1. Grab the strands (runs of 3 or more DSSP E) fully contained in segment 147-238, keeping just those with 2 or more residues being not assigned by TED's automatic domain parsing to the domain that holds residue 96.
2. Looking at segment 104-138, which of its residues are within 23 Å of residue 219 (Cα to Cα) and not acidic (Asp, Glu)?
3. Which of the residues belonging to segment 114-151 are surrounded by fewer than 14 Cβ atoms within 10 Å (Cβ to Cβ) and modelled with pLDDT of 95 or more?
4. Based on this model, can you work out whether residue 110 counts as touching a strand residue (DSSP E or B) at 6+ places or on another chain (Cβ under 6 Å), part of a helix (DSSP H, G or I) and either farther than 24 Å from residue 190 by Cα or not assigned by TED's automatic domain parsing to the domain that holds residue 228 (or both)?
5. Applying the selection to segment 191-226, what residues are within 30 Å of residue 48 (Cβ to Cβ) and of a type in the set (S, T, N, Q)?
6. Among the residues that make up segment 160-181, is at least one of them within 27 Å of residue 88 (Cβ to Cβ) and surrounded by fewer than 18 Cβ atoms within 10 Å (Cβ to Cβ)?
Amino acid sequence: MKIALIGYGKMGHAIEEIAVSRGHTIVLKVSIDNLEDNTVGKIRQADVAIEFTGPESAFGNIIRCLEAGVPVISGSTGWLDKMEEVKNACLQRKGAFLYASNFSVGVNIFFEVNRRLADLMAPHPDYEVRVTEIHHTEKKDSPSGTAITLAEQILEKIPRKKEWVNHISDNLDELEILSERIDPAPGTHRIEYSSEIDSIEITHTAHSRKGFALGAVLAAEFIKGKSGLFRMSDVLGF
C-alpha cells in the first residue's frame, strides 16, 4: 500500500516505521519544511493519506485529500467544529474518511470500558466522577482529544452531568477534566468514581507512541478501497 503522510513530526516518523515494517511504502511526506508538496496531484500518488498536523491546518489537509480522491484518516485535534463540513464533503465526493481522537488499540478498548462503566454508574449519584489526563509538555491542546472523547461518553450515559470543564469545579452539573503537562509522558488517562464509601478507577497509560502509530496504520489498511465515514470501532470490529 502506498501511503501519504501529511504531517511528519514525531508521530509521522513513528507511523512511517510501523508502516514500512508491515510492507507499505511512503510515497509522500509533508512537513513544515516542504509545504509546497502538499498538493492534490502529489497526494494522488497514494492509496491512503494519514493526516497528523495541527488545529490550524487539519481541515484544509483533509479536504485536499478528499479532493484528490484518496481515503484519509486523521488524528489531528482542535478542528472538530468543522467536522460536519468534512463529513458532507466526504459524502458528496463518495470518498472515505476516518477520524479518531486516539488510534491506539488499547485506548479504543478503554473507550468501550469507559462507556460500559458510565452506564453502570449512572443510577448511583453518590459517586462523583472525574477525568484526569497527563501528557508531555509539547502537547498543544488541553484537554487532550482522548480526554474529551472519554468525557463525552460519560455525558451521554450520566444525564446529571451537563457539560465538561477543564478545571476543578464545585458545580455538580459539570464534569471535571483535569490536565497535567509533565515530561516525559506519552499519555495517561484516568476515570475515577468516588463516594464516601469507596472509589472505582480505570486507567490507561501509554508507554510509547508505537501504539498510536500501529493503530493509525491498521486504520489505513482498513480504509483502503472503501468509501464512507468510519471510526476506530469499525476497524477493531466493536
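The values are calculated or read from the model by the stated rules, or taken from the named source; none is laboratory data. Small disclaimer: the values here were computed from a predicted structure and weren't measured. All Cβ positions, glycine included, derive from the backbone under ideal geometry; neighbour counts span all protein chains shown.
1. 163-165, 174-181, 188-194, 199-205
2. 104, 105, 106, 107, 108, 109, 110, 111, 113, 114, 115
3. Of everything in segment 114-151, those that are surrounded by fewer than 14 Cβ atoms within 10 Å (Cβ to Cβ) and modelled with pLDDT of 95 or more turn out to be 116, 120, 123, 124, 125, 126.
4. Considered against the rule, which asks whether it is touching a strand residue (DSSP E or B) at 6+ places or on another chain (Cβ under 6 Å), part of a helix (DSSP H, G or I) and either farther than 24 Å from residue 190 by Cα or not assigned by TED's automatic domain parsing to the domain that holds residue 228 (or both), residue 110 comes out as yes.
5. 205, 208
6. Yes, segment 160-181 has at least one match.
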